[in-house]
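Take a look at the structure set out below.
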């Protein structure tokens, strides 16, 4: 590839890395995907994104471009060969940028907070997230994709809504984006996930489920020692009750680790962690 | 103006409204500035920015463009007459977008939180903000403006750093952006504030000081009743001490309301309010 060398530093479960990959594939650009270990960040990542130390980083001829939406604009401005990611018209471009930012600023945090909430707080957060999805549902009226007939910036920015949202909420036992409540958005999810480049690029739902299930559990391990000791003491008192509940089952939810297994230890942790693997 | 009609819905003390105004003036575009009352939002604002209900909103031929950085890109793409706000080269464009986002995501919240902090928490926040300013200082090395020889996207996005930062920190008795610690950034502040369009567009420092002093005080009034009653009780106990301290002075800091007058009532409020008048 020589001078045209294109590398992407990313992780497979990152909603943001996948944005860059979809855009590169749309443009037909060959790239090397360099898998990052975010628990032990590589000198390459730290060198090329010293400010945020996050993925994805696109390296083009050795020069780094950071922040996924900025990467999408860079790809669109650099390679004119494939389909356009942003429309030509300045007003349509500003609208696309507006909705992409809306997804990042509003949808991501609202859904993420739901996973660590309980009771009344959870109800409020679900209401908030429902409002954001309704906004997207309305924006889709009369269109197949947010970009119109073809996939564009907002669709790619919507990876999270199309796939990650359902995975995260399934892990905490919530259904939000249903065909009944959001017919247009549900149709968009199907169309988007089944379009050829997206299909070959995004991870399988089951893999993501397994990944985040494990991520939620591991987060337990990173709590402070004192908190852990207190939790162990409390748990000891409850072991007799649990023992009875577990009879005949491997995990509380049956054969696989499920909601009850992870719920107790997740909540105190949520405000301290960044969105997992959706570093932009 | 007819078809070319350009309106800007904004407020004079908004760092974000001023971004749009500077860009319009750079391009030599005549526009009507429609002052908004954010405590009683106009039907026009609610109609054109129903999602965020914030200023600025640029109306061009009746079509609304929201979010200040998106407005800057729209202005640059729509009017090719004046100087460019973003550079031509895609890599340079991505770098400009990166730093503009850095200012919004990192510098604004860090400085804002300082104003409502005390003691150890404040020390930590000052350290964080110092880190962000050091990052900007390094980015300026070898350049007059972030955009190079001329003002560009990052400079305009830096309104807050150039003017608002010093105003807010003065109100809580902190000096952060000094010539000794940040020689390049201080030089940039001078050059930026003294460039003709910026000078005629940004509010006078004294006006901003007066505005935010009053804003900090008013925020006291919006606390819950119970909190207020408790505060009054506590205050009553301390009145004798204060009475002595005030002898011969109108306010604690002399003739004008100053730090001590506003500090006590500000802190519990800060996490509940959005950045004042810097709605983007």
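Does the range B:112-220 come out rounded, prolate or oblate, given a ≥ b ≥ c as the square roots of the eigenvalues of its C-alpha gyration tensor, rounded meaning a/c under 1.5 and, failing that, prolate meaning a/b above b/c?
Oblate, because a/c is 1.5 or more while a/b does not exceed b/c.
What distance in nm separates the two pseudo spin-label positions at residue A:214 and residue B:178, each 7 Å out from Cα along the beta-carbon direction?
Taking the simple label geometry, residue A:214 and residue B:178 are separated by 5.2 nm.
Please sort A:134-145, A:54-65 by packing, taking for each peptide the average over its residues of neighbouring beta carbons within 10 angstrom, highest first.
A:54-65, A:134-145
For peptide A:137-147, what's the mean number of Cβ atoms from other chains within 10 Å of each residue's Cβ?
Shielding by partners across A:137-147 averages 0.
How high is the FRET efficiency from residue A:44 to residue B:121, r the C-beta distance, R0 41 Å, rounded to 0.05?
0.70
Classify the range A:60-109 as rounded, prolate or oblate, taking a ≥ b ≥ c as the square roots of the eigenvalues of its Cα gyration tensor: rounded when a/c is under 1.5, otherwise prolate if a/b is larger than b/c and oblate if not.
It is oblate, given that a/c is not under 1.5 and a/b is not larger than b/c.
Could I have the simple spin-label model distance between residue A:84 and residue B:5, label points 7 Å from Cα toward Cβ, reported in nm to one decimal?
My value for the distance between the label points is 2.7 nm.
What does the average come to when, for each residue of peptide B:43-56, you count the partner chain Cβ atoms lying within 10 Å of its Cβ?
Per-residue shielding by partner chains comes out at 1.
Could you tell me whether the range A:1-132 comes out rounded, prolate or oblate from its Cα gyration tensor? Rule is a ≥ b ≥ c as square roots of the eigenvalues, rounded for a/c under 1.5, then prolate if a/b exceeds b/c, otherwise oblate.
Oblate shape, in that a/c is at least 1.5 and b/c is the bigger or equal ratio.
Using a 10 Å cut-off on Cβ to Cβ distances, tally the other chain neighbours for every residue of A:82-90 and report the average as a whole number.
1
Can you pull the semi-axes for the range B:21-90, root of five times each eigenvalue of the Cα gyration tensor, sorted largest first, whole Å?
The three semi-axes for the range B:21-90 are 25, 13, 10 Å.
Placing the label point 7 Å from Cα along the Cα-to-Cβ direction, what are the distances from residue A:173 to the equivalent spots in the other copies, shortest first, in nm to one decimal?
With the label placed 7 Å along Cα→Cβ, residue A:173 yields 5.2 nm.
Using a label point 7 Å beyond Cα on the Cα-Cβ vector, give me the inter-copy distances for residue B:28 in nanometres, one decimal, shortest first.
Listed shortest first, these distances are 4.2 nm.
Can you give the relative contact order of the range B:145-201 as a percent, counting alpha carbon pairs under 8 Å and 6+ residues apart?
28
Coordinate-derived values only; no laboratory data. Keep in mind that what you see is a predicted model, and the values were worked out from it rather than measured. Methodologically, a virtual Cβ is constructed for each residue, glycine included, from the backbone with ideal geometry; neighbour enumeration extends over all protein chains shown.
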